[in-house]
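K.L.:
I have a structure here, written as structure tokens, and I will follow up with some questions on it.
The values are calculated or read from the model by the stated rules, or taken from the named source; none is laboratory data. All figures in this text were calculated on a predicted structure; none of them were measured in a lab. Cβ atoms come from the backbone with ideal geometry, glycine included; neighbour counts cover every protein chain shown.
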Amino acid sequence: MEKVILIKYGELSTKKDNINFFLTKLKDNISYVLKDEDASIDYDLGRMFIHTSNIDRVLNKVKNIFGIHEINICYIIESISFSEVEEEVVNLLKGKEFSTFKVESKRSNKKINTTSVELSKNMGAYILKNIPNLKVDVNKPELLLNIEYRINNTLVYFEKVKGLGGYPVGTLGKGLLMLSGGIDSPVAGYMAIKRGVKIEAIYFESPPHTSQEAKNKVISLARKLAIYNQEINLHVINFTKIQEEIYKNIPHEYLITIMRRMMYRISAIIAGRRNCKILINGESIGQVASQTLTSMRAINEVVKLPVIRPLACFDKLDIITLAKQIDTYETSILPFEDCCTIFVPKHPVINPVREKCEEYEKLIPYEELIYTAIKNHEVLKIGPKEENAYEDLL
């Protein structure tokens, strides 16, 4: 009898004709995370199994992989004989402490004529006969015994860990996350990853107006997201010259709007070069001046690439709750300003007019400034634990 980690797919099982693509990607993602472990993986359309000599360590790593509905510590009994399975189950239960239990059975072997309910009743009766002082409780049992009768073997498991759900990372292509040092954008990135989007990230710095500490904060946030994304290429754009030109030449109520339009233009170019299909950001409707519907439209119109806003209809408290769950909140609230919080006007326009945006942008040589910023930008390869590696990816 082998002890393994059993993976249940959940939402992936609805993919029908495409399920092999999703399962292959899930297996590849698990293999990448476990590349330094003594582990092997096999799967079919119903279940995936991880064979390893270190269950606890592997389990801890697998918990952070999207595309998994549930994780179970499972025992594989190499028999489909009812009497042999009953005997093995009782041997397993004798090593556990509990007073009430429930049996849930599943038949993937349709040659078994006995129904799942009858299988559960028969197993429950055998357990009561062979282990004293136990009771069946179908509502709130101390131990839930799951048994799956398969074609060539039988699976038995008790313990389960809820998976992250979603789709395997990379099954839906790539997106570029506009990552600031705030609370919202890391959460937006996490939610995009959960839907199968493999992300790269872009960060706008403005030295000396923004500090190295602000940049380090964003690197730390990228590292936390890399836990789910395997690694993240972080594109760092020096935005100083563009931001100073905007501040000197454009009416201050339009500073944020024009600044965001420039950021979108740069992000779209980087996304195109990196084969990213979408831009992703942490905007939430109405949260700040640049996130009114009119502002979003005025800013969005400078790019043709779809812009995904996973947090668009979330309120701030919901976003903070998610940030705490994924361990980005404490980093995000560190007091280091980024490009979006410096040079903020007292009364930013909340209903910008497109024609005015275009008129004001003619006051600065923004195409030349954008070209220079992209040409000189740096790329950091961020892993979940590794030191940052600099790499010219363009």
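K.L.:
Could you tell me whether any residue of region 331-345 is of a type in the set (D, E, K, R), loosely packed, with under 13 Cβ neighbours inside 10 Å and under 35 Å from the mean Cα position of the chain (by Cα)?
P.N.:
no
K.L.:
From the list LYS381, LYS356, which residue is touching a strand residue (DSSP E or B) at 6+ places or on another chain (Cβ under 6 Å), of a type in the set (Lys, Arg) and touching a residue at least 24 places away in the same chain (Cβ under 8 Å)?
P.N.:
Selected residue: LYS381, the only one of LYS381, LYS356 that is touching a strand residue (DSSP E or B) at 6+ places or on another chain (Cβ under 6 Å), of a type in the set (Lys, Arg) and touching a residue at least 24 places away in the same chain (Cβ under 8 Å).
K.L.:
Turning to a different aspect of this structure: Does GLU97 fit the bill of being in a loop (DSSP other than H, G, I, E, B) and either in the same structural domain as TYR75 (by TED's automatic domain parsing) or within 30 Å of ASN64 (Cβ to Cβ) (or both)?
P.N.:
Taking the combined requirement at face value, the residue satisfies it.
K.L.:
Still on this structure, I have one more. Report yes if PRO208 is touching a Gly at 6+ places or on another chain (Cβ under 6 Å) and farther than 19 Å from ILE319 by Cα, otherwise no.
P.N.:
When the stated conditions are applied, PRO208 does not pass them.
K.L.:
While we're here: Within region 259-280, track down each residue that is of a type outside the set (A, V, I, L, M, F, W, C) and not in a helix (DSSP H, G or I).
P.N.:
ARG274, ASN275, LYS277
K.L.:
Being loosely packed, with under 13 Cβ neighbours inside 10 Å, modelled with pLDDT of 90 or more, more than 26 Å from ALA289 (Cα to Cα) and among the basic types (Lys, Arg) is true for just one of LYS375, LYS381, LYS316, LYS362. Which residue is that?
P.N.:
Details: LYS381 fails: loosely packed, with under 13 Cβ neighbours inside 10 Å; LYS316 fails: more than 26 Å from ALA289 (Cα to Cα); LYS362 fails: more than 26 Å from ALA289 (Cα to Cα).
Among LYS375, LYS381, LYS316, LYS362, only LYS375 is loosely packed, with under 13 Cβ neighbours inside 10 Å, modelled with pLDDT of 90 or more, more than 26 Å from ALA289 (Cα to Cα) and among the basic types (Lys, Arg).
K.L.:
Which of the residues that make up region 1-46 are modelled with pLDDT under 90 and either outside the structural domain of GLU159 (by TED's automatic domain parsing) or in a loop (DSSP other than H, G, I, E, B) (or both)?
P.N.:
MET1, TYR9, LYS15, ASP44, LEU45, GLY46
K.L.:
When only residues in region 106-122 that are surrounded by 13 or more Cβ atoms within 10 Å (Cβ to Cβ) and among the polar types (S, T, N, Q) count, which is nearest to the chain's Cα centre (by Cα)? Don't jump to the end; show me each part of the working.
P.N.:
Quick first cut of region 106-122, residues surrounded by 13 or more Cβ atoms within 10 Å (Cβ to Cβ) only: 106-109, 112, 114, 116, 119-122.
Going one step further and asking which of them are among the polar types (S, T, N, Q), we end up with 108-109, 114, 116, 120, 122.
Numbers: SER108: 31, ASN109: 35, THR114: 41, SER116: 36, SER120: 37, ASN122: 42 Å.
Residue satisfying both the conditions and the ranking: SER108.
K.L.:
I'd like the full set of residues that are under 37 Å from the mean Cα position of the chain (by Cα) and among the polar types (S, T, N, Q), limited to region 123-143.
P.N.:
Residue satisfying the conditions is ASN139 alone.
K.L.:
From the set of residues in region 52-93 that are closer than 30 Å to PRO132 by Cα and acidic (Asp, Glu), which is surrounded by the fewest Cβ atoms within 10 Å (Cβ to Cβ)?
P.N.:
Filtering region 52-93 for residues that are closer than 30 Å to PRO132 by Cα and acidic (Asp, Glu), the one surrounded by the fewest Cβ atoms within 10 Å (Cβ to Cβ) comes out as GLU78.
K.L.:
Within region 125-144, is there a residue that is assigned to a loop (DSSP other than H, G, I, E, B), free of Cβ contacts under 8 Å to residues at least 12 places away in the same chain and closer than 26 Å to ASN60 by Cα?
P.N.:
No: zero hits.
K.L.:
Still on this structure, I have one more. When SER105 is evaluated against the numbered criteria (1) assigned to a helix (DSSP H, G or I); (2) of a type in the set (Ser, Thr, Tyr); (3) under 25 Å from PRO141 (Cα atoms), which criterion, by number, is the only one it fails?
P.N.:
Of everything listed in (1) assigned to a helix (DSSP H, G or I); (2) of a type in the set (Ser, Thr, Tyr); (3) under 25 Å from PRO141 (Cα atoms), SER105 misses just condition (1).
K.L.:
I'm trying to understand the selection: among the residues of region 154-165, which are surrounded by fewer than 17 Cβ atoms within 10 Å (Cβ to Cβ) and closer than 30 Å to LYS111 by Cβ?
P.N.:
Those that are surrounded by fewer than 17 Cβ atoms within 10 Å (Cβ to Cβ) and closer than 30 Å to LYS111 by Cβ: GLU159, LYS160.
K.L.:
Test PRO310 against the criterion of being in contact with a strand residue (DSSP E or B) (Cβ under 6 Å, 6 or more places away or on another chain), in the same structural domain as PRO186 (by TED's automatic domain parsing) and within 19 Å of TYR190 (Cα to Cα), and give yes or no.
P.N.:
no
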